[in-house]
Structure formats: structure tokens, C-alpha cells
Amino acid sequence: MPGQVALVTGANRGIGAELAEQLHTQGWTMLLGVRDLGKGRETARAIAPGSERLLPVKLDVSDPDDAAAAAEWAAGRVEQVDAVINNAAILYDPGERAISVDLASVHQAMETNLYGAWRVCQAFLPLLRRSEHPRIVNVSSEGGSISEMTGGAPAYSVSKAALNALTRLLAGELRRDRILVNAICPGWTDTDMGQGGRPVRDGARSVLWAVDLPDDGPTGGFFRDGRPLPW
């Protein structure tokens, strides 16, 4: 299938679905990474009924086997993947405190928010290396900014801080492959996790800035709306 190809995880709602729609409108072929294929197909129909450039794929990032299976599935349908957008995330817990939080919930958050993104990057790296302009975009949060932390939301904040650290490691290791890797905060956005925030389309635009970077653009950075954030 010709043209640019992007994988978006957590693609059936919120920012993930908006990212898929905006990129599809720009002519991209979209791999819609979803835990429930039925919901993925519903999302594809809602964006553009009958489009051959919207391809739902089962991808529960917390499942160690799903990422490899999804990458194998994708390799049979597209020549390369130009952008991997690690959007899937869980467990915003502002009512919890680090001194008392159930560590099982922290483990759960890490499994999706850190390890999920990590295993997706590893699985899709061969397809990224086939791209002329490869990008990895880790959807993070200012809640993961260590310099700004004062308490609260421990599972979410620690998992996003760890995702930021992974961003730095991948950026350094993949520089020779010309793969730009950045962490992006979409801002407080009106989704299931961030009700009452700014419109979803604006949060998605913040993420797409990193997809659209030129080849000599920044890598290993942490940004919101194209502006650097403190680590």
C-alpha cells in the first residue's frame, strides 16, 4: 500500500482516534492499534466508511505477545511504517499519594504506559527502519516532569517520567538510523481521562507536530505545542 503509514495505539477513542482522523485526512494510511477489533472497525467507519487506508489491528500494548503479532500482521500489508505514535495510556490517579498508593496499580500503569510503548517500539523497529523519514512519538504528560512534581497521581506521574526516560534512550540509540524520537504532552485535553480540557483536535495537533518534523528536527526532546517542557 503506497504512501506514508502510521501506527497509533489506543486508536479507538480520544486523542488516538483524532490523530487517526487527522493523518488519514492528510493521505496517510493508518494502522489503528486497538484492544477490541470491533471498536477499531467502528472507529474506521466513523472516520471514513469504506476507506482502504484505515486498518484496525489488535494491539493490547500490555500483552507481551500482541506487539509482535501486530508488527507481523502489518509487515504483510505495508512496506514500511513512517511513524509510531505511542498514545495508549491508563490510570490517571490524582486522588492517590505515593506514601499510600497500592503498588499493584503502579505496576499496572507501568505495564501500559512504559512497557507497552517500549515493546511496540521494539516490535515495529524493522518497519520503521524501512522508512525514509521515520518518527517515534511518545504521548507523555507534563505530569511526568520530574522538576515539576510535588505529589499526587503517583502511578501516572512515575510511568510518564519513565516514558520520558525511554524517549531519551531511544533517541540516542536510534540517531544513526535517522529515527527522530520525542515525547509530547498534548496538554489537558477533553478526553475520558482529562474531561473539561481543551478540544481533542488541539491536543492531537500538539502530537502531530512531532510527526511532521523535518529530518533535521529535534530528537530526544519533551514538548507541548512545539515548545520545550522541563524534564
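The values are calculated or read from the model by the stated rules, or taken from the named source; none is laboratory data. Source: prediction; values computed, not measured. Cβ placement follows ideal geometry from the backbone for every residue including glycine, while neighbour counts extend to all protein chains displayed.
Scanning the range 142-153 for any residue that is touching an Asp or Glu at 6+ places or on another chain (Cβ under 8 Å), in a helix (DSSP H, G or I), farther than 22 Å from residue 204 by Cα and charged (D, E, K, R) turns up at least one such residue. Residue pairs whose Cβ atoms lie under 6 Å apart, sitting 6 or more positions apart in sequence or on different chains, and linking a residue in the range 123-135 that is under 12 Å from residue 70 (Cα atoms) to a partner that is among the polar types (S, T, N, Q), are 127/80. Of all residues in the range 189-231, those satisfying the criterion of being over 22 Å from residue 157 (Cα atoms) and over 17 Å from the mean Cα position of the chain (by Cα) are 199, 214, 215, 216, 217, 218. Among the residues making up the range 67-93, those that are at pLDDT 95 or above and of a type outside the set (A, V, I, L, M) are 72, 73, 76, 77, 79, 80, 82, 86, 87. Take the residues in the range 128-154 that are farther than 24 Å from residue 174 by Cβ and in contact with a Cys (Cβ under 9 Å, 6 or more places away or on another chain), then tell me which one is surrounded by the most Cβ atoms within 10 Å (Cβ to Cβ). Here the answer is 143. Once the range 158-173 is narrowed to residues that are touching a residue at least 24 places away in the same chain (Cβ under 8 Å), of a type outside the set (Ser, Thr, Tyr) and touching a Ser or Thr at 6+ places or on another chain (Cβ under 8 Å), the residue that is surrounded by the fewest Cβ atoms within 10 Å (Cβ to Cβ) is 171. Checking 8, 78, 61 one by one, the residue that is touching a residue at least 24 places away in the same chain (Cβ under 8 Å) and assigned to a strand (DSSP E or B) is 8 and no other. In the range 32-49, is there at least one residue being in contact with a helix residue (DSSP H, G or I) (Cβ under 7 Å, 6 or more places away or on another chain), touching a residue at least 60 places away in the same chain (Cβ under 8 Å) and not polar (S, T, N, Q)? The answer is yes; a qualifying residue exists.
Tell me which residues, restricted to the range 11-31, are part of a helix (DSSP H, G or I) and either touching a residue at least 12 places away in the same chain (Cβ under 8 Å) or surrounded by 15 or more Cβ atoms within 10 Å (Cβ to Cβ) (or both). It would help to see each step written out before you state the result.
Quick first cut of the range 11-31, residues part of a helix (DSSP H, G or I) only: 14-25.
Selection gives 14, 15, 16, 17, 18, 19, 20, 21, 22, 23, 24.
Scanning the range 166-188 for residues that are over 15 Å from the mean Cα position of the chain (by Cα) and closer than 25 Å to residue 101 by Cα yields one hit, 188.
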